[in-house]
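Chemist: Dumping the structure here so I can ask a few things about it.
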Amino acid sequence: MTEQNPLQAALAKATEMQLESDGSIKQNLAEIVKLLQQAVSSASEDAAAEKTVAEETAAAVEEIQRTYSQFISVMVHELRKPMTSIRGYSDMLTKNVVGELNEMQMQFAMTIRNNVISMERLIADISDLVKMRVGRIRAEPKMDMAKNILLEVEKNTRELAAEKSHELIFEIPDGLPLLNLDSTRVKQALTKLVENAIKYTENGGRIVVTATAVEGGIEIRVKDNGVGLTPEEVERLGELWFRGDDPVVTNQKGYGLGIPIVQECMRLVNGRLFYESEKGVGSTFGIFLPAMSME
């Protein structure tokens with residue numbers, strides 16, 4: 001049985017009373033019933049109008065998202081084509097395929113190559129972020145072990161840590177609960193967090209990655225002794241293109257897309273990002289991942 005709203009209930013009650021009354025009371029109730037009928041009719045028209053506006057707004061938002069996604073796809077495709085050529089030619093130059101380069105020429109060629117690699121990563125980040133936000137990248141869950149995921153992240157970040165003479169430690173205990181989620185998105189999120197810790201810690205720092213079983217899942221923390229963030233900067237984490245003002249941050253190549261990507265990855269795997277930071281002391285960024293139910 002459909003529940004009546006208060007206006008409809010009042011109309012029904014007044015109609016019932018009208019049928020049971022006579023004389024002037026019946027006449028007055030008839031007027032009340034008429035007014036209530038008009039009110040119910042008006043309310044129904046308003047609700048229908050609001051529904052139409054909501055549907056039109058949703059359709060407009062969906063069209064904007066679709067157009068935006070198409071624009072990004074075209075832009076990414078068109079930018080990748082020339083960069084692939086630049087990357088290829090710079091690789092040949094640095095490998096002396098077309099002849100020996102002197103020291104200055106080699107420096108120029110390496111600068112070109114490194115900048116192209118940086119732009120390739122930026123384009124990949126923008127593409128992934130947009131695809132996740134508009135639903136073109138969807139989670140593909142499968143059973144996996146946290147240890148396997150963390151070992152691959154360690155492998156992918158070890159060289160970057162060595163370049164800055166960091167001590168990179170992964171503490172991975174045995175017996176962690178099994179995961180049933182999109183491990184690609186988890187690796188992407190953790191890699192971003194570890195890379196940020198490496199980049200925003202002065203040379204010779206210490207980054208420790210730990211995994212702990214907690215109620216309902218696993219917490220993985222990335223702790224550094226880097227520059228840290230002010231409370232104002234912490235409040236802005238997750239904003240597109242936001243980066244801190246510390247020279248250690250601004251002197252590193254970056255575009256403020258790391259944390260937004262981590263947040264989207266966590267949304268896709270039903271996880272959660274958390275963090276704490278203190279300026280001049282360091283930061284801890286962590287993710288919670290739901291474990292497989294054993295029921």
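Chemist: Just to be sure, is Ile126 hydrophobic (A, V, I, L, M, F, W, C), touching a residue at least 60 places away in the same chain (Cβ under 8 Å) and in contact with a Lys or Arg (Cβ under 6 Å, 6 or more places away or on another chain)?
Modeler: no
Chemist: Additional query: Answer with yes or no whether Arg158 is within 17 Å of Phe285 (Cα to Cα), in the same structural domain as Val227 (by TED's automatic domain parsing) and not hydrophobic (A, V, I, L, M, F, W, C).
Modeler: Working: within 17 Å of Phe285 (Cα to Cα): no; in the same structural domain as Val227 (by TED's automatic domain parsing): yes; not hydrophobic (A, V, I, L, M, F, W, C): yes.
Judged against the criteria, Arg158 is not a match.
Chemist: Taking segment 261-295 on its own, how many of its residues are surrounded by fewer than 15 Cβ atoms within 10 Å (Cβ to Cβ) and under 21 Å from Asp144 (Cβ atoms)?
Modeler: Adding up the residues that qualify gives 5.
Chemist: Now for a separate question. Being buried (at least 20 other Cβ atoms within 10 Å of the Cβ), within 27 Å of Pro141 (Cα to Cα) and in the same structural domain as Arg267 (by TED's automatic domain parsing) is true for just one of Leu181, Leu229. Which residue is that?
Modeler: Leu181
Chemist: Go through Ile169, Ile149 for me and flag whichever is under 24 Å from Leu257 (Cβ atoms) and either free of Cβ contacts under 8 Å to residues at least 24 places away in the same chain or in contact with a strand residue (DSSP E or B) (Cβ under 9 Å, 6 or more places away or on another chain) (or both). Full working, then the answer.
Modeler: Values: Ile169 fails: under 24 Å from Leu257 (Cβ atoms).
Result: Ile149 is the single residue among Ile169, Ile149 that is under 24 Å from Leu257 (Cβ atoms) and either free of Cβ contacts under 8 Å to residues at least 24 places away in the same chain or in contact with a strand residue (DSSP E or B) (Cβ under 9 Å, 6 or more places away or on another chain) (or both).
The values are calculated or read from the model by the stated rules, or taken from the named source; none is laboratory data. All values reported here derive from a predicted model rather than from experimental measurement. Glycine also receives a Cβ, built like all others from the backbone with ideal geometry; neighbour counts cover every protein chain displayed.
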